[in-house]
Amino acid sequence: MAKLLKPDGLRGAAMTEITCELMQNLGAAAARALSRTCNHPPVFYISRDTRRGADALEAALCAGICLGGGVAHSLGVVPDSAMVLLLSEEG
């Protein structure tokens, strides 16, 4: 996992290094970890890029978040600047 997790995100080949199982486990772990620090289910906003495999990996991440007790909002293909604006508006 350490070789895939870089300072600017998760990096690796889709469907070989970064699998749906990995994404589901990552989503569940993140939701469980954040739910320990707040009084409500943690909320995640997820965007993806247009590369092959992104749909499946996004779906697996959302499933893992829900399994871990979180709420996943899938935004589809969204530019980074739009994510920054959304998150700043949401607080």
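Taken together, the values in this text are just the output of simple stated rules run on the coordinates, not laboratory data. Everything numeric in this text was worked out from a predicted model, so none of it was measured.
Only Cα pairs within less than 10 Å get springs; with that Gaussian network setup on the chain, which residue of 26, 67, 75 has the largest fluctuation?
75
Tell me, what HN-Hα J-couplings in whole Hz come from the Karplus equation 6.51 cos²θ - 1.76 cosθ + 1.60 at θ = phi - 60° for each residue of the range 44-56, using x for Gly and Pro?
Result, ordered by residue: 10, 10, 10, 10, 9, 9, 9, 6, 4, x, 5, 4, 5 Hz.
Please list, ordered by chain and number, the residues whose modelled amide H lies under 5 Å from the amide H of residue 18; skip anything fewer than 5 residues away on the same chain.
Sorted by chain and number, the residues that satisfy this are 13.
Go through the range 68-84 residue by residue and turn each phi into a ³J(HN,Hα) via Karplus (6.51, -1.76, 1.60, θ = phi - 60°); whole Hz please, and just put x for glycine and proline.
x, x, x, 10, 10, 10, 8, 9, x, 7, 9, x, 4, 5, 5, 5, 4
With the contact rule set at Cα under 8 Å and sequence spacing of 6 or more, what percent relative contact order holds for the chain?
Contact order relative to length: 31 percent.
Summing -39500 (n - 2.57) over the DSSP H runs of n ≥ 4 in the chain and dividing by its residue number, what mean residue ellipticity at 222 nm do you reach, to the nearest 500 deg cm²/dmol?
My calculation for the chain gives -14500 deg cm²/dmol from helical runs alone.
If the elastic network links every pair of Cα atoms under 10 Å, which of 70, 12, 53 fluctuates the most in the Gaussian network model of the chain?
It is 12.
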